[in-house]
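Everything below concerns the one structure shown next.
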Amino acid sequence: MTLTARPFALFISDLHLQASHPQTQEAFLRFLREHAAHAERLYLLGDIFEYWAGDDDIADPFNAGIVAALRALSDAGTLVYWLAGNRDFLVGPAFAEAAGLSLLQEPHLIDTGPRRIALVHGDAECTQDTKYMAFRAQVRDPAWQAQFLGMPLAQRKAIIAGLREGSREAQSGQDYQIMDVTPEAVDGVFAALDASVIIHGHTHRPAVHAHGDRLRYVLPDWELDAEPQRGGWIALQRDGSIARYDLDGTIL
Ligand code: MN
């Protein structure tokens, strides 16, 4: 039997939670109970939801269930942090209050032991995707967000459904995939924060990469309702050691 210290922090991203993917939802709830509940902190690094139309959608039964599970985790003593992804960036203070979590701005820095760790979702570092970068600049603009959130919820959901349908069509018939982060953007994050480690998601390319003497950890996406089933998380100990875990809790 090995003794494992209580993790200082667990990191997950890209679960793309949605009512039509019940097994992925169940795996997430199980992860909260069996793993996150034993960590001091849980960092949600973006695209936890497939989409978020605004905090007035908390009443939706599916969303309410996720919020309640996060709240239970927080009430039981795990500190929960949220960093927005490219799909759920409209999460706001009402969601944070209901779920018992703290909203972070990216890049977010945490110091443990010898490590200085920068957290980002990863979409802002895919700088070669110029179409997406222009879209991102638009939808992250506070004035755009205020105008969008001023629309009725049903209208916002219809617009989001149209965007998602459009991106599905763009992806079929060609070898489209999420572009990867660029070395220049990664170096920029390391340099700006003087970080020795970056943890990010978004690209769905789980790995650990060396950038000189610095390390970049990439989180997996979660998918339990389609093949190949996949998911997992990263754990950080107080001494700065980092490990990647598969869905069943095996160290990779
Ligand atoms: Mn993403």
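The values are calculated or read from the model by the stated rules, or taken from the named source; none is laboratory data. Given the structure is predicted, the values throughout are model-derived calculations rather than measurements. Cβ placement follows ideal geometry from the backbone for every residue including glycine, while neighbour counts extend to all protein chains displayed.
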Inset, instruction - Enumerate the helices (runs of 4 or more DSSP H) found wholly within the stretch 38-143, keeping only those where 2 or more residues are within 16 Å of the ligand (Cβ to nearest atom). - result: 130-139
Inset, instruction - Looking for whichever is farther than 23 Å from LEU247 by Cα, small (Gly, Ala, Ser) and within 19 Å of the chain's Cα centre (by Cα) here; the options are ALA210, ALA185, ALA158, ALA195. Which one fits? - result: ALA185
Inset, instruction - Please determine, by comparing only the residues of the stretch 143-184 that are within 29 Å of PRO206 (Cα to Cα) and among the polar types (S, T, N, Q), which one is modelled with the highest pLDDT. - result: THR182
Inset, instruction - Mind listing whichever residues of the stretch 109-126 are in contact with a helix residue (DSSP H, G or I) (Cβ under 9 Å, 6 or more places away or on another chain) and surrounded by fewer than 16 Cβ atoms within 10 Å (Cβ to Cβ)? - result: LEU109
Inset, instruction - With the condition kept exactly as written, say whether any residue in the stretch 13-22 is within 16 Å of the ligand (Cβ to nearest atom), without any contact (Cβ under 8 Å) to a residue 60 or more places away in the chain and assigned to a loop (DSSP other than H, G, I, E, B). - result: yes
Legend entry - Filtered residue count, the stretch 146-158, keeping only those that are surrounded by 12 or more Cβ atoms within 10 Å (Cβ to Cβ) and more than 14 Å from ASP56 (Cα to Cα): 1
Inset, instruction - Determine whether the stretch 165-174 contains at least one residue that is surrounded by 11 or more Cβ atoms within 10 Å (Cβ to Cβ) and touching a residue at least 24 places away in the same chain (Cβ under 8 Å). - result: no
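Rundown of residues vs (1) away from the ligand (no atom under 16 Å from the Cβ); (2) of a type in the set (Ser, Thr, Tyr); (3) assigned to a loop (DSSP other than H, G, I, E, B); (4) without any contact (Cβ under 8 Å) to a residue 40 or more places away in the chain, yes/no style:
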residue: GLU184; (1), (2), (3), (4): yes, no, no, no
residue: ALA191; (1), (2), (3), (4): yes, no, no, yes
residue: ILE198; (1), (2), (3), (4): no, no, no, no
residue: PRO220; (1), (2), (3), (4): no, no, yes, no
residue: GLU227; (1), (2), (3), (4): yes, no, yes, yes
